[in-house]
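Q: Sharing a structure with you now.
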Number of protein chains: 2
Amino acid sequence: MLAADTVAMATGASALNERRAFVSSRITDKVAAYMDAHDFDEPTLVFDLDHAVGSYRTLAQSLAPAHIHYAVKANPEPQLVRRLVAAGCRFDAASRGEIALCLDAGADARHVSFGNTVKKVGDIAWARAHGIDLFAADATEELDKLAIHAPGARVYIRLLVEHSQADWPLSRKFGAPAEEILPLMRYARAHGLNPVGISFHVGSQTRRAEMWRPVLTEAAGVWHDARAEGFELEVLNIGGGFPAFYGDEVEAPMGYGTGVMDIVRAHFGDVPYIMAEPGRGLVAEAGAISAEVLLVSRKRPSDIARWVYLNIGKFSGLAETIDEAIRYQFDTTADGGETGPCILAGPSCDSADVLYEQRPIQMPTALRAGDRVRILNTGAYTTTYASVGFNGFPPLHVVCI
Amino acid sequence: MLAADTVAMATGASALNERRAFVSSRITDKVAAYMDAHDFDEPTLVFDLDHAVGSYRTLAQSLAPAHIHYAVKANPEPQLVRRLVAAGCRFDAASRGEIALCLDAGADARHVSFGNTVKKVGDIAWARAHGIDLFAADATEELDKLAIHAPGARVYIRLLVEHSQADWPLSRKFGAPAEEILPLMRYARAHGLNPVGISFHVGSQTRRAEMWRPVLTEAAGVWHDARAEGFELEVLNIGGGFPAFYGDEVEAPMGYGTGVMDIVRAHFGDVPYIMAEPGRGLVAEAGAISAEVLLVSRKRPSDIARWVYLNIGKFSGLAETIDEAIRYQFDTTADGGETGPCILAGPSCDSADVLYEQRPIQMPTALRAGDRVRILNTGAYTTTYASVGFNGFPPLHVVCI
């Protein structure tokens, strides 16, 4: 086998690629056609703008009357933001940089919320000066900053949810406990701000509409308490959590959206302005990464699991594999035959740059160096997570089509 | 207390900074002077080139006759690499990008090793064409690639160590088990390569020389077996693992280096060429990051631990806090009084961007938004780990002085 491998190697990686092709491709037709027509020397995300705009329209329709505020951090490609502005999308920004991106792309400042509960005071003042009038907060200290640098602004208070059923409930980093929401609204009002509503996040990858129910019940309790105290709430921000497909079954978008809104209506009644902040759910499935196998080896000839090293890793775009959180799906040019368990690792000299080891993944036994790999549904949280040049490797290359 | 905070905030963050100063500064005098004289709007690494060159000289002296091959990935600032070339340092590169950096800085190709056991075939050929003649490998499949694209090259085989006493033993990503080293050397020779030696890594943060003993014993067994079989070994690469101070006691550099070399001599006898690859141990203590507190809050008034949010996090330079691995030390402008436990988090909207939570850190009870923070000994593994623009935040800014 080793001798045969050597012969195969002697023909060079490009010859291997000519001989091998993708058996199936679970990516958009446009992305597949583009990848088939191009060779990529570096890991490259190919992103289908039409698919993302289509996802926006589906979300907008299924979640109506909620307004879609796209979570820009999921994928801030300027071309994408321009297309979404043109389609009528609104935005949730995490920083001054993201707000500037939206405004540069033609977004109306009244349609951009500053959703980070942790803001630089300089950025608050800058946002306010540029017409942003909707801010998140979850602590008196943040309300103090807003009261000074954006006096009179509309603010929603973020609730820390306790009953997430998501695949990946968020940490306790953001949000105030339920019993602190009313004190924070009073504090905001006492300091000249306009407490207009609440926000929350059901958790990443909430795969079925019904999983929203416990969190919506929790949030509705706070909402009705605030109204009972005389707060004229007008903004209900139901956040993100809209799923992408990574292998586990996900409810279809139309049924999902209408299902969520049915629960929202039942719990909240008439709300003047509902906003939803899909990020992953809007862009993940629009993109796929073209990568390459650098090495396939076994530590010992008798080992069952092989080590597969790719030219992309934790520090060059796949940061969401930290703690093996997001389990990506792979197509390879060696697909179609027998598979076996693999430990998947990135190209850097960093010993921590291992993608999947606790739960090895199945890859073709025929896989070898030079084979091409497509990493599916990688349109979200990949490009801007990439490091500037760790180990001398460039950031993730992006092509928008 | 809240009212007082509001008054304090009303004076603005800059006024706070004028009132407060650093009580003590455990950083180099040059860095302290530069930080005192400048205000930083963004998180900034201030890096003392003279200190790094001094560390190189100390390591070279204490580890003599070993040659220092600086692990470029720890901090690839071109100014630093140029200074190290001038001082006589040699280099360990992880990629074509890092090799090019060293050659551009004036390094002799014969003094640069390609130490990544996972290489692109194009990069192997490119390196060989540019005069690189020393490569790492740990698998027959990698030797196949070298045999074709760098025929006749000198190669050392990386040993997977089993007896690390380091604070952070490496994962099993790199290296072959002891019983596979000789088969790999035979394979290399049979394929026209020149197997000249072995390498290993004792693990990150090996804080005392004596901790090297079990690994050196392990490696010496392989070394002498190979010589007994007739391999004329000439390169012993003892790798990295040289520590920096992050709070736990670390042996002083001179005693540490001579201590390691005493054990090396006792186990290996005369070796034509010993190479050591310090990264962290050469640059970490030369730099400190200037950062800022964005928010200090409690989830509930009765909570003991506060949440402290900085303008730098996991995705903007502090990636080594993943799994709370490296525990940085902090100086703040509020130091000097009472302290209490804090959960430390970054500025992004990412719920995973929490630096220390399992083991909260002690920070001043007087700490508040606008206070300045110096993150100590951050000259290694910070700049190039930073993301290109996650959440709209820029990469870590660097000033070399």
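The values are calculated or read from the model by the stated rules, or taken from the named source; none is laboratory data. Everything numeric here is computed off the predicted structure, so don't read it as measured data. A quick note on method: Cβ atoms are made from the backbone with ideal geometry, for glycine too, and the neighbour counts reach across all protein chains shown.
Q: Any chance you could count how many residues in the range B:349-401 are of a type outside the set (F, W, Y) and farther than 24 Å from B:G279 by Cβ? Show your work before the answer.
A: The initial filter retains those residues of the range B:349-401 that are of a type outside the set (F, W, Y), namely B:349-355, B:357-380, B:382-384, B:386-389, B:391-392, B:394-401.
Among the residues that remain, those that are also farther than 24 Å from B:G279 by Cβ are: B:349-354, B:357-373, B:389, B:391-392, B:394.
Summing the residues that are of a type outside the set (F, W, Y) and farther than 24 Å from B:G279 by Cβ in the range B:349-401 gives 27.
Q: Of B:Y328, B:Y385, B:Y356, which residue is buried (at least 24 other Cβ atoms within 10 Å of the Cβ), touching a strand residue (DSSP E or B) at 6+ places or on another chain (Cβ under 8 Å) and hydroxyl-bearing (S, T, Y)?
A: Numbers: B:Y328 fails: buried (at least 24 other Cβ atoms within 10 Å of the Cβ); B:Y356 fails: buried (at least 24 other Cβ atoms within 10 Å of the Cβ).
Criteria check complete, one pass: B:Y385.
Q: Could you list, in sequence order, all residues of the range A:204-235 that are among the polar types (S, T, N, Q) and more than 22 Å from the chain's Cα centre (by Cα)? Before the answer, list the steps.
A: Keep residues of the range A:204-235 that are among the polar types (S, T, N, Q), which gives A:204-206, A:217.
Hit for the range A:204-235 is A:T217, nothing else.
Q: Name the residue, out of A:I322, A:I326, that is within 14 Å of chain B (Cβ to nearest Cβ) and either over 24 Å from the mean Cα position of the chain (by Cα) or in a loop (DSSP other than H, G, I, E, B) (or both). Explain how you work it out, then say what you get.
A: Details: A:I322 fails: either over 24 Å from the mean Cα position of the chain (by Cα) or in a loop (DSSP other than H, G, I, E, B) (or both).
Exactly one of A:I322, A:I326 is within 14 Å of chain B (Cβ to nearest Cβ) and either over 24 Å from the mean Cα position of the chain (by Cα) or in a loop (DSSP other than H, G, I, E, B) (or both), namely A:I326.
Q: Quick one: in the range A:329-348, of everything that is among the acidic types (D, E) and more than 27 Å from the chain's Cα centre (by Cα), which residue is nearest to A:I304 (Cα to Cα)? Lay out the reasoning, then the answer.
A: Taking the range A:329-348 as the starting set, the residues that turn out to be among the acidic types (D, E) are A:331, A:335, A:338.
Filter again for more than 27 Å from the chain's Cα centre (by Cα), leaving A:335, A:338.
Values: A:D335: 19, A:E338: 14 Å.
Within the range A:329-348, the match that is nearest to A:I304 (Cα to Cα) is A:E338.
Q: Would you confirm, using the coordinates I've provided, whether A:Y356 is farther than 19 Å from A:Q79 by Cβ, in the same structural domain as A:E324 (by TED's automatic domain parsing), among the hydroxyl-bearing types (S, T, Y) and under 21 Å from the mean Cα position of the chain (by Cα)?
A: Details: farther than 19 Å from A:Q79 by Cβ: yes; in the same structural domain as A:E324 (by TED's automatic domain parsing): yes; among the hydroxyl-bearing types (S, T, Y): yes; under 21 Å from the mean Cα position of the chain (by Cα): yes.
Answer is yes for this residue.
Q: Any residue that is away from every other protein chain (no Cβ under 13 Å), free of Cβ contacts under 8 Å to residues at least 24 places away in the same chain and outside any strand (DSSP E or B) - is there at least one of those in the range B:91-107?
A: No; the residues of the range B:91-107 include none that is away from every other protein chain (no Cβ under 13 Å), free of Cβ contacts under 8 Å to residues at least 24 places away in the same chain and outside any strand (DSSP E or B).
Q: From the residues in the range A:66-84 that are part of a helix (DSSP H, G or I) and surrounded by 20 or more Cβ atoms within 10 Å (Cβ to Cβ), which one is nearest to the other protein chains (Cβ to nearest Cβ)? Quick ask: steps written out before the conclusion?
A: Let us first name the residues in the range A:66-84 that are part of a helix (DSSP H, G or I), namely A:72-74, A:78-84.
From what is left, the residues that are surrounded by 20 or more Cβ atoms within 10 Å (Cβ to Cβ) are A:72-74, A:80-81, A:84.
Details: A:V72: 7, A:K73: 5, A:A74: 10, A:L80: 14, A:V81: 12, A:L84: 16 Å.
Going through the qualifying residues, I end up with A:K73.
Q: So which residues in the range B:97-114 are in contact with an Asp or Glu (Cβ under 9 Å, 6 or more places away or on another chain), of a type in the set (D, E, K, R) and either crowded, with 24+ Cβ neighbours inside 10 Å or farther than 21 Å from B:V196 by Cα (or both), if there are any at all?
A: B:E98
Q: Could you check A:G122 against (1) facing another protein chain (nearest Cβ under 8 Å); (2) crowded, with 21+ Cβ neighbours inside 10 Å and say which number it fails?
A: Against the list (1) facing another protein chain (nearest Cβ under 8 Å); (2) crowded, with 21+ Cβ neighbours inside 10 Å, A:G122 comes up short only on (2).
Q: In the range A:359-391, which residues are more than 8 Å from chain B (Cβ to nearest Cβ) and more than 23 Å from the chain's Cα centre (by Cα)? Full working, then the answer.
A: Pass one, the range A:359-391, residues more than 8 Å from chain B (Cβ to nearest Cβ): A:359-367, A:371-382.
Scanning the range A:359-391 gives A:P360, A:Q362, A:M363, A:P364, A:T365, A:A366, A:L367, A:D371, A:R372.
Q: Look through A:D50, A:D41 and report the one residue that is modelled with pLDDT under 95 and either surrounded by fewer than 16 Cβ atoms within 10 Å (Cβ to Cβ) or part of a helix (DSSP H, G or I) (or both). First the steps, then the outcome.
A: Details: A:D50 fails: modelled with pLDDT under 95.
Among A:D50, A:D41, only A:D41 is modelled with pLDDT under 95 and either surrounded by fewer than 16 Cβ atoms within 10 Å (Cβ to Cβ) or part of a helix (DSSP H, G or I) (or both).
Q: Next question. Within the range B:154-177, restricting attention to residues that are small (G, A, S) and crowded, with 17+ Cβ neighbours inside 10 Å, which residue is nearest to B:A136 (Cα to Cα)?
A: Restricting to residues being small (G, A, S) and crowded, with 17+ Cβ neighbours inside 10 Å, the top hit is B:G175.
Q: Out of A:I132, A:I124, I need the residue that is touching a Phe, Trp or Tyr at 6+ places or on another chain (Cβ under 6 Å), aliphatic (A, V, I, L, M) and modelled with pLDDT of 95 or more. Which one?
A: Working: A:I124 fails: touching a Phe, Trp or Tyr at 6+ places or on another chain (Cβ under 6 Å).
On inspection, the qualifying residue turns out to be A:I132.
Q: What is the one condition in (1) of a type in the set (K, R); (2) closer than 29 Å to A:V250 by Cβ; (3) more than 11 Å from chain B (Cβ to nearest Cβ) that A:K173 does not satisfy?
A: (3)
Q: Let me ask something additional. Given the conditions (1) out of contact with any helix residue (DSSP H, G or I) (no Cβ under 9 Å at 6 or more places or on another chain); (2) within 14 Å of chain B (Cβ to nearest Cβ); (3) closer than 21 Å to A:V53 by Cβ, report the number of the one that A:G279 does not fulfil.
A: (1)
Q: Given the conditions (1) in the same structural domain as A:A386 (by TED's automatic domain parsing); (2) out of contact with any Phe, Trp or Tyr (no Cβ under 8 Å at 6 or more places or on another chain), and given that A:D270 satisfies all but one, which numbered condition is not satisfied?
A: (1)
Q: Go through (1) within 22 Å of A:W212 (Cβ to Cβ); (2) buried (at least 17 other Cβ atoms within 10 Å of the Cβ) and name the single condition A:M185 misses.
A: Status for A:M185: all satisfied but (1).
Q: While we're looking at this one, here's another question. Provide a single number: the residues in the range B:274-305 that are outside any loop (DSSP other than H, G, I, E, B) and free of Cβ contacts under 8 Å to residues at least 60 places away in the same chain. Show your work before the answer.
A: The initial filter retains those residues of the range B:274-305 that are outside any loop (DSSP other than H, G, I, E, B), namely B:274-276, B:280-297.
Adding the requirement that they be free of Cβ contacts under 8 Å to residues at least 60 places away in the same chain leaves B:297.
Of the residues in the range B:274-305, 1 are outside any loop (DSSP other than H, G, I, E, B) and free of Cβ contacts under 8 Å to residues at least 60 places away in the same chain.
Q: Could you tell me which of the residues A:V260, A:V271, A:V264 is surrounded by 24 or more Cβ atoms within 10 Å (Cβ to Cβ) and either at the interface with chain B (Cβ under 10 Å from one of its Cβ atoms) or not in a strand (DSSP E or B) (or both)? Working first, answer last.
A: Values: A:V271 fails: surrounded by 24 or more Cβ atoms within 10 Å (Cβ to Cβ); A:V264 fails: surrounded by 24 or more Cβ atoms within 10 Å (Cβ to Cβ).
Residue meeting the stated conditions: A:V260.
Q: In this structure, does A:T117 turn out to be touching a strand residue (DSSP E or B) at 6+ places or on another chain (Cβ under 6 Å), buried (at least 21 other Cβ atoms within 10 Å of the Cβ), within 13 Å of another protein chain (Cβ to nearest Cβ) and β-branched (V, I, T)? Can you show your working first?
A: On the way: touching a strand residue (DSSP E or B) at 6+ places or on another chain (Cβ under 6 Å): yes; buried (at least 21 other Cβ atoms within 10 Å of the Cβ): yes; within 13 Å of another protein chain (Cβ to nearest Cβ): yes; β-branched (V, I, T): yes.
Yes, satisfied.
Q: Let me ask something additional. Taking the range A:282-298, which residues are crowded, with 19+ Cβ neighbours inside 10 Å and within 14 Å of another protein chain (Cβ to nearest Cβ)? Before the answer, list the steps.
A: Filtering the range A:282-298 down to residues crowded, with 19+ Cβ neighbours inside 10 Å leaves A:282-297.
A:A291, A:E292, A:V293, A:L294, A:L295, A:V296, A:S297, listed by residue number.
Q: Could you tell me whether B:S351 is more than 22 Å from the chain's Cα centre (by Cα) and among the small types (G, A, S)? So that I can check it myself, show each step before the final result.
A: Details: more than 22 Å from the chain's Cα centre (by Cα): yes; among the small types (G, A, S): yes.
Yes.
Q: Right, something else. Do we have A:E141 as within 13 Å of another protein chain (Cβ to nearest Cβ), of a type in the set (D, E) and in contact with a Pro (Cβ under 7 Å, 6 or more places away or on another chain) here? Can you show your working first?
A: Details: within 13 Å of another protein chain (Cβ to nearest Cβ): yes; of a type in the set (D, E): yes; in contact with a Pro (Cβ under 7 Å, 6 or more places away or on another chain): no.
Judged against the criteria, A:E141 is not a match.
Q: Further, regarding this structure: Going by the structure shown, is B:V23 surrounded by fewer than 23 Cβ atoms within 10 Å (Cβ to Cβ), part of a helix (DSSP H, G or I) and of a type in the set (V, I, T)?
A: Working: surrounded by fewer than 23 Cβ atoms within 10 Å (Cβ to Cβ): yes; part of a helix (DSSP H, G or I): no; of a type in the set (V, I, T): yes.
So B:V23 fails the test.
Q: Looking for something among the acidic types (D, E) and under 29 Å from B:E234 (Cα atoms) - is there at least one such residue anywhere in the range B:38-57?
A: Restricting attention to the range B:38-57, the residues satisfying the condition of being among the acidic types (D, E) are B:39, B:41-42, B:48, B:50.
Retained after the next criterion (residues that are under 29 Å from B:E234 (Cα atoms)): none.
Looking for residues that are among the acidic types (D, E) and under 29 Å from B:E234 (Cα atoms), one finds none in the range B:38-57, hence no.
Q: Looking at B:H163, is it farther than 18 Å from A:D303 by Cβ, of a type outside the set (S, T, Y) and within 12 Å of chain A (Cβ to nearest Cβ)? Break it down into steps so the answer makes sense when it comes.
A: On the way: farther than 18 Å from A:D303 by Cβ: yes; of a type outside the set (S, T, Y): yes; within 12 Å of chain A (Cβ to nearest Cβ): no.
No.
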